[in-house]
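Notes follow once the structure below has been shown.
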Amino acid sequence: MTLKTLQSVGIAFMLGTAAVITAAPAIVSTAYAATVRPQVGKPLQEAIALANAGKGSAASAKVSQAAAVGSLTPGEQSAISQTRNYIAAKTGAGGSSLGCKAKFATDYNAGRYRAVVGEDASCLRKGGGFDFQSQVIVAQAYYLMGDYSTATKLLRGLGNSDQVLSLLMSSAAKGGDTQTQGQVAERLILQGQSKYWTYLLAAADATRGLTDHGNLDIYRIRYLTGNMRTAEDYELLTQLAIQMHFPNEAVAVAQKGFAVKLLEGDRNTRLLNLAQAQAAKDTANLPNLQKQANAAKTGDMLVSYGENLWGRGQYEDALNAVQAGIKKGGLDKPDEAQITLGIVQLSAGQKDAALKTFGGVKGTPAAATVAHLWSIYTRSGGTAKVSSSAAENPQAGNKSKHHH
């Protein structure tokens, strides 16, 4: 939710109570002149004058004087009630819930945020009028005062509506609360708002203890969801894929970088040429790589070989190889192998199995973060399938299929 939208909430709120704010002076002087007796009308007029001067207690006393007159007509009762609300709206005196709301709205729209979060909110609480929308407006007032930590704290308890989550996201971002930012982004993504991958990935980038493979897996999601920001993102993902011996994946990423005109020039052309040369060698050597992986004492080479096949779009073969590697055991980094297994399961169409695999990664906090990120991607509709059309849609994250 934008600041403009949030301000419009307050404006609409004010319009809903404007009649209360402006009606009282007219009540005594014109509309009810024929039905309000002088002994009632005079103290009400004095009450209005006192309210306009900011003297709430004295104004309330004058209303009480008018109310004490016996045998009040319906018109007089209405005049007294509306004048009391007017005083509450102007000064906060009187404790009327409707009057409190009027002053609350007036102060908010006038930028008197200290009054909104203080006396106005207190008045609403006492009168039983501190409803959901009022709580949101108080949080917004703290936000507009720059007190992001208080705004964030209040908003956390106000549910999962788009209005609340959008404001909470902005408040957390401005307050540097990356943990809350990531949690809210997750909720919004799972509600179909794929644009919030930007925030979730930013929070993931701040994860401590990430390995090179962990970074590779995060950048894969950045690529799959169309959130590659700069040439550096394409260069880094290409370099990581080359470094870890997944050259076909590196070629696809680099080619995409050129297609979207973020990669250009001699330096990036050399990077693409290197990836292509490595991919050609890899293709020629693939049978030998398989033999070496099968003959190895531990399962690490089989997992890596399967991940290589995944980058080539051979999902069933990739799944068989990764599963065989994990079964062989002796893995150097079992958490990373499990994440790879989840990715290839997802690409092979085994969504439920992938979610179970990602949920079972309980090793290092960094590995758990990466696995959880992939779980969100899976739950939001991702497929992790290799395709030359990857990342063409910058909002491809939830409602459409994801490609690589």
*Between A61 and F132, 0.36 nm times their residue separation minus their Cα-Cα distance comes to what?*
22.3 nm
*What order do you get for S380, S304 when you list them from fewest to most C-beta neighbours inside 10 Å?*
S380, S304
*Convert each backbone phi in the stretch 224-230 into a coupling constant with the Karplus relation 6.51 cos²θ - 1.76 cosθ + 1.60 (shift: θ = phi - 60°), then list the ³J(HN,Hα) values in order as whole Hz, x for Gly and Pro.*
5, 9, x, 10, 6, 8, 9
*Would you mind ranking S71, S134 by Cβ crowding within 10 Å, fewest neighbours first?*
S71, S134
*Please give every one of the aspartates and glutamates within straight-line cross-link reach of K174, meaning a C-alpha to C-alpha distance under 12 Å, and leave out same-chain neighbours fewer than 8 residues apart.*
D147
*In Å and from the alpha-carbon atoms only, list the Rg and Dmax of the stretch 207-379.*
15.7, 45
*asked:* Could you work out how much longer the chain between L158 and R267 gets when fully extended? Use 0.36 nm per residue separation minus the Cα distance between them, nm to one decimal.
replied: 34.2 nm
*In nanometres, what is the gap between the two model label sites at K351 and Q179, each 7 Å from Cα along Cα-to-Cβ?*
3.2
_Qualifying aspartates and glutamates (Cα of each under 20 Å from Cα of K297; at least 8 residues distant if same chain)_ = E307, D332, D335, E336
*Hey, rough spin-label estimate for R379 and A280, points 7 angstrom out along Cα→Cβ, what's it come to in nanometres?*
4.6
*asked:* Output wanted: per-residue J couplings in Hz (rounded whole) for the stretch 298-311, from phi through Karplus 6.51 cos²θ - 1.76 cosθ + 1.60, θ = phi - 60°, x for Gly and Pro.
replied: 10, x, 4, 5, 5, 5, 5, 4, x, 5, 4, 4, 4, x
_Show me, for the stretch 165-175, the HN-Hα J-couplings you get by feeding each phi into the Karplus relation (A = 6.51, B = -1.76, C = 1.60, θ = phi - 60°), rounded to Hz, glycine and proline as x._
5, 5, 5, 4, 4, 5, 5, 5, 5, 5, x
_Farthest positive-ward along the stretch 207-379 dipole, Cα basis, beta-carbon charges - from G209, A368, A231_ = A368
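Net charge near G176, counting Lys/Arg +1 and Asp/Glu -1 over other residues with Cβ under 15 Å of its Cβ?
Around G176, the charge tally is -1.
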*Among the aspartates and glutamates, which fall within straight-line cross-link reach of K101, defined as a Cα-Cα distance under 20 Å, with same-chain neighbours fewer than 8 residues apart omitted?*
E119, D120, D131
*Spatially close lysines, pair count over the stretch 313-389: Cα under 21 Å, gap of eight or more or interchain*: 10
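Since every read-out is calculated from the coordinates, none of them should be taken as a lab result. Since the model is a prediction, treat every value here as computed from it, not as a measurement. Note: ideal-geometry Cβ built from the backbone for every residue, glycine included; neighbour counts use all protein chains shown.
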